[in-house]
Amino acid sequence: MPSTNALKLGHLTIDPDQLGEYATQWTNTSGLLVAQAMAPAAALEQSQIAKLNLLTCGDGSTLAAFLAVQMKCNHVDVILHPDEKQQLEEVLNKITSPTTINIISSPEQISGKHKYHMAAYGCDGEKPKSLNALEPLVKYLRHEGQLVIFGFPESDMQELFNDAADKGLSLRASGFRDGLAFFSGSLESRNQF
């Protein structure tokens, strides 16, 4: 049973008690934005969720990986700093899930074995200099998979979305929180990145 201080984002419930000492750090604005982007997947039947693969990197990805494991997705690849890796492993050791997870330290370590239903790129509070930085994630996105760009300044939303639309992104969702934003959508062609 979730605690009374649980955070509800659409079909996702985040119980800070499960995150222990990392609750405040992981439920930062970027983490909550990527969780908001993941919320519609939590509304699927469990048999569908069990087939989902997630690839995520950047600030907020620790929470995204935790939620994917909690949702019992099929597989998660998460690119983390070694300190965050240790934190995530510590929290995941306390829960049971059939989800396989691969914690890596760079995009070069993505195996390419999985075609991802969602690839999420955290911007660490800044507008990316170029969307070409997303290419390592996009090339493993499955057809009609969702690309999520999150944790950038809300004031950069229109310009960043225009850049993504020029690369063939079709908007599915967007959201704002504490001056930061996210948007997600599918791509006409992955090779435009």
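Taken together, the values in this text are just the output of simple stated rules run on the coordinates, not laboratory data. Just so we're clear, the structure is a prediction, and the values are computed from it rather than from any experiment. Please note: Cβ atoms are built from the backbone with ideal geometry, for glycine as well, and neighbour counts cover all protein chains shown.
For the stretch 28-192, the Cβ-based charge dipole about the Cα centre amounts to some 640 debye (Lys, Arg positive; Asp, Glu negative; other atoms uncharged). Mean-square fluctuation check for the chain, GNM, Cα pairs under 10 Å: which of D77, D163, D124 is largest? Among D77, D163, D124, the largest mean-square fluctuation in the Gaussian network model of the chain belongs to D163. Based on alpha-carbon atoms, the Kirkwood radius and the radius of gyration of the chain give Rg/Rh equal to 0.93.
Checking understanding here: applying a Kyte-Doolittle mean of at least 1.0 and a length along the axis of at least 18 Å (C-alpha), which whole DSSP H helices in the chain pass?
What comes out of the filter, once short or polar helices are dropped, is 29-42.
In whole angstrom, note down how far apart the Cα centers of the stretch 22-73 and the stretch 82-104 are. The stretch 22-73 and the stretch 82-104 have Cα centres spaced 13 Å from each other.
Here r is the Cβ-Cβ distance between K113 and N162 and R0 is 45 Å; the resulting FRET efficiency, rounded to 0.05, is 0.85. Full extension of the segment from T100 to E126, taken as 0.36 nm per residue of separation minus the current Cα-Cα distance, would add 6.3 nm.
Structure note, pairs K8/K129; K8/K113; K85/K115; K115/K167; K94/K139: Cα-Cα distances above 31 angstrom occur for K8/K129; K8/K113; K94/K139. Among T27, T100, T62, which one moves the most in a GNM of the chain with springs linking Cα atoms closer than 10 Å? Maximum fluctuation in the GNM of the chain, among the listed residues, is at T100. Converting the Cα gyration tensor eigenvalues of the stretch 76-144 into ellipsoid dimensions via √(5λ) gives semi-axes, longest first, of 23, 17, 10 Å.
Less than 5 angstrom separates the built amide H of V76 from those of L54, T100, I101, N102, all sequence-distant by 5 or more or on a different chain. Measuring nothing but how far apart in sequence close Cα pairs (under 8 Å, 6+ apart) lie, relative to its length, the chain scores a relative contact order of 19 percent. Mean residue ellipticity, 222 nm, helices only, the chain: the sum of -39500 (n - 2.57) across DSSP H runs of n ≥ 4, divided by residue count and rounded to 500, is -8500 deg cm²/dmol.
Counting Lys and Arg as +1 and Asp and Glu as -1 over every other residue whose Cβ lies under 9 Å from the Cβ of I103, the net charge comes to -2.
In a fully extended conformation the segment linking T24 and S186 would gain 55.2 nm over its present Cα-Cα distance, using 0.36 nm per residue.
Modelled this way, with points 7 Å down the Cα-to-C-beta line, the labels at K72 and K85 are 2.9 nm from one another.
Electrostatic bookkeeping for C123 treats Lys and Arg as +1 and Asp and Glu as -1; over the other residues with beta carbon under 10 Å from its beta carbon, the sum is -3.
Out of the DSSP beta bridges found with both residues in the stretch 28-192, what percent are antiparallel (nearest 5)?
40
Charge dipole of the stretch 55-134 (Cα centre as origin; +1 on each Lys and Arg Cβ, -1 on each Asp and Glu Cβ, all else neutral): 360 debye, rounded to the nearest 20.
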